[in-house]
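J.: Quick one: the structure is below, questions incoming.
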Amino acid sequence: MFVTIKDLQKSEEKAEITVAGMVHDFKDMGKFAFVSLRVADGVVQCVYNYGADVKKLKLESAVTASGEKIDDRRAPNGFEIHIKNVNVLSVPHEDAPDLIKNKSKTSMDADLKYRVVSLRNNRRRAVFALQSALVAGFRAFLSQNAFTEIFSPKIGAGSAEGGANMFKLEYFGQKAFLAQSPQFYKQMLIPVYMRVFEIAPVFRAEKHDTPRHLNEYISVDFEMGFIDSFKDICETERNMLKFTFDYIRENYPNLLSTLKIELPDIKEIPYVTFREAKEAVAAKYNRKIKDPYDLEPEEERLISQMYKEEFDTDFVFVTHYPDKKRPFYAKNDPNDEKYTLSFDLLYKGMEITTGGQRVHNYEEQYAKMERKGLAPADFESYLMLHKYGCPPHGGLGLGLERFCMKILDEANIRTTSLFPRDTARLTP
Ligand code: ATP
Ligand code: MG
């Protein structure tokens, strides 16, 4: 029995086949019908010749259909199935809301409320198939480059960067928090594996309601030891993105045509320091610098615009963020202690990654914690990393939904989250 278009494409012309799928569309033409079946990797076109015996199929029925595979270059996947026999396995209890075939424009609220159904839409399901493909590419690249995949706990006592935006929970009478990043664990595992990665949910108790933030998102994190410079991390990210885009082009051509997108062709990614970038957009676009320590969303947009105009690139690494706005584990630039050896990757006007080199020396980390007003005693297990030996290292975190949103030129991150968690949404 066939469940994918990929395998059907490989089977011979006129082969007698059986395919399993959901009735995605049904058009009664009198003596025959056009039937679309939703299978694992898309929608298969079928012609159902039942002669005088009109056998209507209800949408969203689960069926197996047997018939002949007919190659036809005009058909969406290069073939059709001429169905002779249908076996109905299950019939829906009710007609689904009209969100599956993109006939009328669906509002985001309706889309999210009825996600269980709206995801059956061909494009929407392709969005999340793209996410799956991106993760498959990242994983393949990282595994090939000696990174070990880790699974760090999401419930913990402390916090990496302060408790302000962490969700609190009751834990058998103790106070516990949901992890806002796997930062500490990635670092702790550096002397163990030298290179680690994790692709998992993280939680941010940010109260704001913006088109770029979720309260739970998938963070693609990696961390690598024995780096010469933070630019080793940037170059690894560049190679990972390039590998992944090539991997998807090669392995998922149907997906890209369904989504009607082309993935970027990554060559060199330019570097610019935080200060230079800030000053350049202030001068070029005639703006006042309001916050000298961080980039406003509008500045991220303008930096990208400037690099698009001047260098025709959608990606730019902004480096050397001020120490003031970077966490205590960020390593300062020995040439100018006001800045850190850290970076953000901007893509089409928005930050998609933050990364950098970390402090690896015990005394240096101890002193930096105190300087930032933190009590080293609160970080006992984390500081064992530095105390008991650790190489120079660094890493990054990339937000999967945000990256996907920018690849697809979507305006709101909720559209690229399977079941988004925002300040108002806890179901489905
Ligand atoms: P922003 O400035 O956009 O709020 P951030 O600097 O607080 O992001 P980091 O802690 O640096 O975010 O997280 C690393 C990456 O994770 C970001 O570059 C982004 O891709 C993603 N990310 C961060 N916060 C969120 C969120 N609330 N929802 C979705 N993705 C997020
Ligand atoms: Mg950031």
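J.: How high is the relative contact order of the chain, given as a whole-number percent (alpha carbon pairs under 8 Å, six or more residues apart)? Each step should come with its number before you reach the end.
T.: Working: 759 pairs, mean separation 52.5, N = 428.
Relative contact order comes out at 12 percent.
J.: Are there GluC sites (Glu not before Pro) in region 347-384 that DSSP puts in a loop and that have at most 13 other Cβ atoms within 10 Å, and which ones? Before the final figure, lay out the partial values.
T.: On the way: sites: GLU351, GLU363, GLU364, GLU370, GLU380; in loops: none.
In loop regions of region 347-384 (DSSP not H, G, I, E or B), there are no sparsely surrounded GluC sites (Glu not before Pro).
J.: Would you be so kind as to identify which of PRO182, VAL116, ILE155 lies farthest towards the positive end of the dipole of region 116-200, taking Lys and Arg as +1 and Asp and Glu as -1 on Cβ and the Cα centre as origin?
T.: Looking along the dipole axis, the top candidate is VAL116.
J.: Using just the C-alpha positions of region 243-301 as equal point scatterers, what log10 of I(q)/I(0) does the Debye formula give at each q in 0.18, 0.21, 0.25 1/Å?
T.: Per q value, in the given order, log10 I(q)/I(0) is -0.71, -0.78, -0.96.
J.: Another question, if that's okay. Helix-derived [θ] at 222 nm for the chain: sum -39500 (n - 2.57) over DSSP H runs of at least 4, divide by residue count, nearest 500? Walk me through the numbers before you get to the answer.
T.: Details: 13 runs with 129 residues, N = 428.
It comes out at -9000 deg cm²/dmol, rounded to the nearest 500.
J.: Using the crude model of +1 on Lys and Arg Cβ and -1 on Asp and Glu Cβ, and no other charge, please compute the dipole size for region 31-109 relative to its Cα centre, in debye to 20.
T.: On the way: 12 positive and 11 negative charges, 51 e Å.
For region 31-109, the charge dipole is close to 240 debye.
J.: I would also like to ask the following. Dipole size in debye (nearest 20) for the chain around its Cα centre, Lys and Arg Cβ +1, Asp and Glu Cβ -1?
T.: With only Lys, Arg, Asp and Glu charged at Cβ, the dipole is about 1000 debye.
J.: Given the options LEU295, VAL47, GLN365, identify the residue whose Cα lies farthest towards the positive end of the charge dipole of the chain (+1 on Cβ of Lys, Arg; -1 on Cβ of Asp, Glu).
T.: VAL47
J.: Dividing the Cα radius of gyration by the Kirkwood radius, what Rg/Rh value follows for region 5-90? Don't skip to the end; give the middle numbers.
T.: Numbers: Rg = 11.8 Å, Rh = 12.7 Å.
Result for region 5-90 is an Rg/Rh of 0.93.
J.: Report the relative contact order of region 5-90, percent, no decimals, based on alpha-carbon pairs under 8 angstrom and at least 6 residues apart. Kindly include the intermediate steps, with their values, before the conclusion.
T.: Numbers: 195 pairs, mean separation 27.0, N = 86.
Relative CO of region 5-90 lands at 31 percent.
J.: Moving to a separate point now. Before anything else, pin down the relative contact order of region 35-175: Cα pairs under 8 Å, at least 6 apart, normalised by residue count, whole percent.
T.: Values: 123 pairs, mean separation 21.3, N = 141.
Taking the mean separation of contacting Cα pairs over the length of region 35-175, I get 15 percent.
J.: If you don't mind, another one. Loop only per DSSP, at most 14 neighbouring Cβ atoms within 10 Å: give me the GluC sites (Glu not before Pro) in region 221-282, ordered by residue number. Numbers along the way, then the final one.
T.: Numbers: sites: GLU223, GLU235, GLU237, GLU250, GLU262, GLU268, GLU276, GLU279; in loops: GLU262, GLU268.
For GluC sites (Glu not before Pro) across region 221-282 that sit outside H, G, I, E and B with at most 14 neighbouring Cβ atoms in 10 Å, the list reads GLU262, GLU268.
J.: A further question follows. Pull up the cross-link candidates among the lysines for LYS101, meaning alpha carbon to alpha carbon under 23 Å and not fewer than 8 places away within one chain.
T.: Cα-Cα hits under 23 Å: LYS6, LYS27, LYS55, LYS56, LYS58, LYS113, LYS260.
J.: Something else about it: Compute the distribution of all C-alpha to C-alpha distances in region 122-416, in bins of 5 Å from 0, and list the percent of pairs in each, rounded to whole numbers.
T.: 1, 5, 11, 15, 18, 18, 14, 10, 5, 2, 1, 0
J.: With respect to the cross-link table entries LYS175/LYS348; LYS105/LYS207; LYS14/LYS105, which display a Cα-Cα separation exceeding 32 Å?
T.: Numbers: LYS175/LYS348 40 Å; LYS105/LYS207 29 Å; LYS14/LYS105 38 Å.
The pairs that break the limit, which is 32 Å between Cα atoms, are LYS175/LYS348; LYS14/LYS105.
J.: While we're on this one: Looking at the chain only, what percent of DSSP beta bridges run antiparallel? Nearest 5 please. Write down the numbers at each step before the final one.
T.: Working: 73 of 82 bridges.
Antiparallel bridges: around 90 percent, rounded to the nearest 5.
J.: Amide H of LYS331 versus every other amide H placed in the peptide plane: which residues, excluding those fewer than 5 positions away on the same chain, fall under 5 Å?
T.: LEU341, GLN357, ARG358, VAL359
J.: Give a quick list of chymotrypsin sites (Phe, Trp or Tyr not before Pro) in region 201-269 that DSSP marks as loop, anything other than H, G, I, E or B, with at most 15 other Cβ atoms within 10 Å. Numbers along the way, then the final one.
T.: Values: sites: PHE203, TYR217, PHE222, PHE226, PHE230, PHE243, PHE245, TYR247; in loops: PHE226, PHE230.
Hits after loop and neighbour filter: PHE226.
J.: Could you tell me the extents of region 375-428's C-alpha atoms along the three principal axes, largest first, rounded to whole Å?
T.: Cα spread of region 375-428 along its principal axes, largest to smallest: 45, 26, 17 Å.
None of the figures in this text is laboratory data; all of them are computed from the coordinates on show. Nothing here was measured: the structure is a model prediction, and the numbers come from that model. Counting neighbours? That spans all protein chains shown, and the Cβs are built from the backbone with ideal geometry, glycine included.
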